[in-house]
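See structure below.
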Amino acid sequence: MADRVTVIGWDGSPLTAAARAALGAATLVAGAAHHLALPEVPPAAERIRLGSVALAARRIAAHRGSAVVLADGDPGFFGVVRTLRSPEFGLEIEVVPAVSSVAAAFARAGMPWDDAQVVVAHRRTLRRAVNVCRAHTKVAVLTSPGAGPAELGLLLDGVHRTFVICEELGTEREQVTVVTSDKAADHTWRDPNIVIVIGGRSGPAAEDTGWLAGRDPAVDPRGWTQPAEAYGGGLGEGESDLLRAAQLARLGPRTGDLVWDIGCGSGAFATEAARAGAAVLAVDRDIDACARTDAAARRFGVQLQIVRGTAPHVLEDLPEPDVVRVGGGGAAVVSAVADRRPRRIVADAATRDAAERLGRDLTEHGYDVECALIQSVELDTRAWTEKERSVTFLLCGVLPDRSP
């Protein structure tokens, strides 16, 4: 294998003495075209244009001599270090870091970034990156060809955000542009670029900040679900704390997911799915339900997109969901949702016959179906007498050919 492998981060500033020494002794240099054009690269060194890092790692492992890998920003942050350190290559590396491109982008924007989410957008992960931008107020997106500012803007249709687009950071062609998300597709952007996506309602501020990057959990009340009184006017017909907890447990909404909540009612489920970090589309035909959902989201400081309309027709133009709660509409809505192939669907029914109809429909769409009878009894603890009883059939459909 190579006698020594040094990974050098480059942020456009002059190379450090350690970086210059390693580069001057290199017999093989791998990097992008602008790295290989640096005057410090030895003329006699073998040069590898860095495309596939794994392919470059194999060539480095077979090389006899000193190898240097040049990378933009901090190579240990979503960079080449992870691949180069894979046991299959057997490389021992030293790293000369630089300022990460994300840190540089926020510095150019004059913004703190300890409260930001950071995501990587490739063609295969673009939709999930967009969902993070829907769900959070400050996100840095490391883009790639085909998954850049224009594509982000197009997929954020209906959600207003501000883009701070930083192109070719650290080079003479560096440029920082601020546009609204709906205008991003009107331009051609140079690679590489970083997009800072900001906007949406601000959540409550934590009393003690500065100990955890991202959203501080201290701003949220404890508990996966909150009692009915936390939602102002209380829960709607057919909603209960126990049922909601079970629905959340079956769906498992998480960061990067898009959740549909059809028949959002009080907004309790939609709000709690958003508290889990997921992007949420809350759908209801009733204007009062939409208002209650918006109020619940504001109370807890989470991001929601509310769509007023009647399912299943209103669902046709919505972006693809990962998991769906069907809170109303019956078999017609469940069938329309199943046609969109989300990973998981939950629905409930008041009678066994209705539950069987929903279960058959999900099965016919290729879902594995489970059904549980959930009974809850609320007691008055002063006299230990029954106050309220509810009985519901909970169905969950899971696509067997997709990861949970």
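The values are calculated or read from the model by the stated rules, or taken from the named source; none is laboratory data. Please read all numbers here as calculations on a predicted model, not as lab measurements. Heads up, the Cβs are rebuilt from the backbone with ideal geometry, glycines too, and the neighbour counts pull from every protein chain shown. Side chains included, ligands, DNA and RNA excluded: accessible areas come from the protein's heavy atoms. Shrake-Rupley method; radii C 1.70, N 1.55, O 1.52, S 1.80 Å.
Just a few scattered comments:
- Legend: residues GLU151, GLU370, sorted from most to least accessible area (1.4 Å probe; ligands, DNA and RNA excluded), read GLU370, GLU151.
- Put simply, when 134-140, 22-28 are sorted by average Cβ atoms within 10 angstrom per residue, most first, you get 134-140, 22-28.
- Here the 3J(HN,Hα) profile of region 325-330, calculated from phi with Karplus coefficients 6.51, -1.76 and 1.60 at θ = phi - 60°, is 9, 9, x, x, x, x Hz, Gly and Pro shown as x.
- Taking amide H atoms as placed 1.01 Å from N in the peptide plane, the amide H of ASP72 lies under 5 Å from those of TRP10, each 5 or more residues away in sequence or on another chain.
- Look at the alpha carbon pairs under 8 Å that are at least 6 residues apart: their mean separation over the length of the chain gives a relative contact order of 10 percent.
- Counting only the Cα atoms, the chain fills a convex hull of 168 Å³ per residue.
- Overall form of region 302-349 per C-alpha gyration tensor (a/c, 1.5; a/b vs b/c): rounded
- Once backbone amide H atoms are built at 1.01 Å from N, GLN117 has LYS138, VAL139, ALA140 as its partners under 5 Å, excluding neighbours fewer than 5 places away on the same chain.
- Values of log10 I(q)/I(0), in the order q = 0.10, 0.11, 0.20 Å⁻¹, for region 14-101 under a Debye, Cα-only, solvent-free model: -0.22, -0.26, -0.95
- Local electrostatic count, ASP3, Cβ distance below 13 Å [Lys/Arg +1, Asp/Glu -1]: 0
- The residues neighbouring ILE287, those whose beta-carbon lies less than 14 Å from its own, together hold a net charge of -1 under the Lys/Arg +1, Asp/Glu -1 convention.
- Calculated SAXS-style log₁₀ I(q)/I(0) at q = 0.08, 0.12, 0.14, 0.16 Å⁻¹ - region 1-157, Debye, Cα scatterers: -0.27, -0.58, -0.76, -0.92
- Most simply put, the chain has about 50% antiparallel DSSP beta bridges, counting only bridges with both residues inside it.
- Accessible surface, the chain, averaged per residue in Å² (probe 1.4 Å): 49 Å²
- The string of couplings for region 378-393 from the Karplus curve (6.51, -1.76, 1.60, θ = phi - 60°) is 8, 10, 7, 6, 6, 10, 6, 10, 6, 9, 8, 10, 9, 10, 9, 8 Hz, one whole number per residue in order, with x for Gly and Pro.
- Shown in residue order for region 252-259 are the 3J(HN,Hα) couplings computed by the Karplus curve 6.51 cos²θ - 1.76 cosθ + 1.60 at θ = phi - 60°: x, x, 8, 4, x, 7, 10, 9 Hz (x for Gly and Pro).
- Only Lys, Arg (+1) and Asp, Glu (-1) charged, at Cβ; region 77-217 dipole about Cα centre in debye: 480 debye
- Net charge of neighbours whose Cβ lies under 12 Å from the Cβ of GLY153, counting Lys and Arg as +1 and Asp and Glu as -1: -2
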